[in-house]
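S.K.: Take a look at this one; I'll ask things after.
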Amino acid sequence: MTAAQTGATGFLARYEGLKDHLPGARKPWLNQLRADAAVHFAARGFPTRRVEQWKYTDLAPVAQAAFAEPLTSVDGQVHLPAPLAPHRAVFVDGRFRPDLSSLDGLPFRALGLAHDLAEAEPHLGALAKPESEPLAALNTMLFEDGLFLDVPDGVDGGLLELVSVAVDPGRPFAFHPRHLVRLGARARLTLIETATGGGHCLHNPVFEIEVAEGASLTHGRMLQEAATVFHLSTIYARVAAEGTYDNFTVAAGPRLTRNEIHAALVGPKAACHMNGAQMAADGQHVDTTTALDHAAPDCASRQTYKTVLAGRSRGVFQGRIHVHRVAQRTDGYQMNQALLLSEEAEIDSKPQLEIYADDVKCSHGATVGALDADSLFYLRSRGIPEAQAKAMLVEAFLHEAVETVTDETLKGALTRALDAWWARQEAAA
């Protein structure tokens with residue numbers, strides 16, 4: 001039996017033991033959804049490096065970890081990051097904590113998923129693909145809670161924080177939150193997500209995001225958990241005509257990070273921006289994998305990811321743009337730039353274009369290199385010490401990534417996350 005099969009068997013056993021006690025256990029539709037996911041997960045197990053989409057990322061450490069029950073119950077004090085806005089939804093080990101949240105006064109519904117599954121029924125499972133993506137199957141099988149956001153037509157939802165904290169119980173543990181976000185026609189929302197905390201754990205969230213006609217969702221993500229955490233997230237976004245999904249992710253901290261985004265532009269003049277910065281230090285692995293479907297005409301997409309790797313670390317970028325035959329006049333752009341700060345660092349970059357329309361403007365590219373020697377010499381010649389000169393170049397490289405972010409609160413939070421990562425590298429040097 002392979003490690004992937006062994007790990008799958010452990011989670012399947014926990015599902016069998018918990019299925020009558022999971023939220024919604026009396027709802028036939030949800031029981032069937034979970035049971036089907038369990039069948040898919042049993043058939044595939046954890047993906048191995050023989051699977052093309054996982055060629056560069058090894059999940060054997062996850063499969064071998066023998067994680068305990070998928071959700072722990074935490075009492076006592078929880079250390080939260082400083083608030084960025086008046087409204088925030090807080091999850092501790094995957095469970096919604098209304099006592100730590102502040103949702104009063106929002107102009108839309110924001111609910112803990114476990115408390116109102118009936119409202120979520122039309123949306124839960126509408127976009128995720130457990131039949132082809134084992135981590136989505138694992139989440140569907142074992143999720144116990146999550147955030148359900150429903151912004152009505154024409155409403156400007158303002159800014160909302162989603163804070164997820166992992167609290168170390170002293171043993172391996174896992175949690176699988178399921179987040180649903182729905183924006184009605186011409187609605188707007190900025191969602192700032194922060195993942196923090198520690199312990200030897202697996203954080204396996206799945207997002208299902210629906211952006212209706214003319215709506216706009218800005219989704220900022222800061223994955224800043226401790227270096228003992230496995231963070232494997234999967235996002236599904238469906239964008240209707242003239243709608244926009246704007247995602248920016250900073251991945252900096254976990255032992256292994258997989259930031260996987262599936263976006264579909266299904267109406268004319270829809271747009272999607274998937275940008276970010278991913279950083280890894282010695283012993284860490286960070287992977288951004290995107291799949292973007294242009295399934296309607298006159299749509300635009302932009303992807304720019306910057307990677308900084310220090311010590312013996314590894315980065316991955318895989319980006320696929322699929323332009324369907326109907327998607328004439330597509331405008332798609334994809335770029336990955338990597339900066340290696342060590343001879344032992346490694347980056348694997350695989351941009352892909354799959355085009356079936358004949359009137360398109362699509363391009364992709366990748367660059368990999370060390371710090372520019374001429375720029376470093378110029379700064380040194382101006383009397384700047386070598387360590388400070390290197391810091392200035394790295395910070396400039398990273399800060400360039402957030403220049404496209406227009407929301408000032410989000411931009412400031414992302415910039416501080418980048419600076420905090422670099423400060424940790426300088427302190428460890």
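S.K.: If Tyr245 meets every condition in (1) surrounded by fewer than 24 Cβ atoms within 10 Å (Cβ to Cβ); (2) touching a Ser or Thr at 6+ places or on another chain (Cβ under 9 Å); (3) of a type in the set (Ser, Thr, Tyr) apart from one, which number is that one?
M.R.: Among (1) surrounded by fewer than 24 Cβ atoms within 10 Å (Cβ to Cβ); (2) touching a Ser or Thr at 6+ places or on another chain (Cβ under 9 Å); (3) of a type in the set (Ser, Thr, Tyr), the lone unmet condition for Tyr245 is (1).
S.K.: Also, I was wondering about something else. Please tell me if Glu260 is surrounded by fewer than 22 Cβ atoms within 10 Å (Cβ to Cβ) and under 21 Å from Ala128 (Cβ atoms).
M.R.: Considered against the rule, which asks whether it is surrounded by fewer than 22 Cβ atoms within 10 Å (Cβ to Cβ) and under 21 Å from Ala128 (Cβ atoms), Glu260 comes out as yes.
S.K.: Filter segment 265-290 down to the residues that are modelled with pLDDT of 95 or more and among the charged types (D, E, K, R), then identify the one that is farthest from Ser233 (Cα to Cα).
M.R.: Among those that are modelled with pLDDT of 95 or more and among the charged types (D, E, K, R), it is Lys269.
S.K.: Which one is nearest to Phe108 (Cα to Cα) among residues in segment 155-183 that are in contact with a Gly (Cβ under 7 Å, 6 or more places away or on another chain) and not hydrophobic (A, V, I, L, M, F, W, C)?
M.R.: His179
S.K.: Restricting to segment 399-415, name every residue that is loosely packed, with under 13 Cβ neighbours inside 10 Å and among the charged types (D, E, K, R).
M.R.: Residues satisfying the conditions are Glu403, Glu408.
S.K.: Where residues in segment 388-429 are part of a helix (DSSP H, G or I) and among the polar types (S, T, N, Q), which of them is farthest from Glu161 (Cα to Cα)?
M.R.: Gln388
S.K.: At positive phi and modelled with pLDDT of 95 or more: does that describe Asp293?
M.R.: No, not satisfied.
S.K.: Just wondering, is there one or more residues in segment 305-325 that are in contact with a strand residue (DSSP E or B) (Cβ under 8 Å, 6 or more places away or on another chain), of a type in the set (S, T, N, Q) and open to solvent by 20 Å² or more (accessible area, probe 1.4 Å)?
M.R.: No, segment 305-325 contains no residue that is in contact with a strand residue (DSSP E or B) (Cβ under 8 Å, 6 or more places away or on another chain), of a type in the set (S, T, N, Q) and open to solvent by 20 Å² or more (accessible area, probe 1.4 Å).
S.K.: I'm trying to understand the selection: among the residues of segment 386-406, which are under 19 Å from the mean Cα position of the chain (by Cα) and farther than 18 Å from Met279 by Cα?
M.R.: Within segment 386-406, Thr404, Val405 qualify.
S.K.: Return the residues of segment 295-304 that are part of a strand (DSSP E or B) and either open to solvent by 10 Å² or more (accessible area, probe 1.4 Å) or in contact (Cβ under 8 Å) with a residue 60 or more places away in the chain (or both); say none if nothing qualifies.
M.R.: Residues satisfying the conditions are Ala300, Arg302, Thr304.
S.K.: Any idea which of Gln388, Gln425 is of a type in the set (S, T, N, Q) and in contact (Cβ under 8 Å) with a residue 24 or more places away in the chain?
M.R.: Selected residue: Gln425, the only one of Gln388, Gln425 that is of a type in the set (S, T, N, Q) and in contact (Cβ under 8 Å) with a residue 24 or more places away in the chain.
S.K.: Restricting to segment 200-221, and then to whatever is touching a strand residue (DSSP E or B) at 6+ places or on another chain (Cβ under 8 Å) and open to solvent by 10 Å² or more (accessible area, probe 1.4 Å), can you tell me which residue is nearest to Thr244 (Cα to Cα)?
M.R.: Among residues in segment 200-221 that are touching a strand residue (DSSP E or B) at 6+ places or on another chain (Cβ under 8 Å) and open to solvent by 10 Å² or more (accessible area, probe 1.4 Å), the one nearest to Thr244 (Cα to Cα) is Ser216.
S.K.: Would you tally the residues in segment 13-48 being closer than 19 Å to Ala128 by Cα and among the aliphatic types (A, V, I, L, M)?
M.R.: So the answer is 8.
S.K.: Can you report the number of residues in segment 378-415 which are basic (Lys, Arg) and within 21 Å of Leu309 (Cβ to Cβ)?
M.R.: 1
S.K.: While we're on this one: What is the one condition in (1) open to solvent by less than 50 Å² (accessible area, probe 1.4 Å); (2) modelled with pLDDT of 90 or more that Val368 does not satisfy?
M.R.: (1)
For (1) open to solvent by less than 50 Å² (accessible area, probe 1.4 Å); (2) more than 23 Å from Leu127 (Cβ to Cβ), each residue gets a yes or a no:
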site: Phe11; (1), (2): yes, no
site: Glu16; (1), (2): no, yes
site: Pro28; (1), (2): no, no
site: Phe46; (1), (2): yes, no
site: Arg49; (1), (2): no, yes
site: Trp54; (1), (2): yes, no
site: Asp58; (1), (2): no, yes
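S.K.: Would you check if there is a residue in segment 43-54 being of a type in the set (Lys, Arg), in a helix (DSSP H, G or I) and out of contact with any Cys (no Cβ under 8 Å at 6 or more places or on another chain)?
M.R.: Yes, that holds for at least one residue.
S.K.: Now for a different question. Here is a list: Leu22, Leu33, Leu71, Leu106. Which entry is open to solvent by 40 Å² or more (accessible area, probe 1.4 Å) and either at pLDDT 90 or above or in a loop (DSSP other than H, G, I, E, B) (or both)?
M.R.: Leu33
S.K.: With respect to the numbered conditions (1) surrounded by 19 or more Cβ atoms within 10 Å (Cβ to Cβ); (2) in contact with a strand residue (DSSP E or B) (Cβ under 8 Å, 6 or more places away or on another chain); (3) modelled with pLDDT of 95 or more, which one is the sole condition not fulfilled by Ala137?
M.R.: Every listed condition holds for Ala137 apart from (2).
S.K.: Filter segment 314-368 for residues that are touching a Lys or Arg at 6+ places or on another chain (Cβ under 7 Å) and among the charged types (D, E, K, R); which is farthest from Asp298 (Cα to Cα)?
M.R.: The selected residue is Glu344.
The values are calculated or read from the model by the stated rules, or taken from the named source; none is laboratory data. Small disclaimer: the values here were computed from a predicted structure and weren't measured. A quick note on method: Cβ atoms are made from the backbone with ideal geometry, for glycine too, and the neighbour counts reach across all protein chains shown. Calculation scope for accessible area: heavy atoms of the full protein, side chains included, ligands and nucleic acids excluded. Shrake-Rupley method; radii C 1.70, N 1.55, O 1.52, S 1.80 Å.
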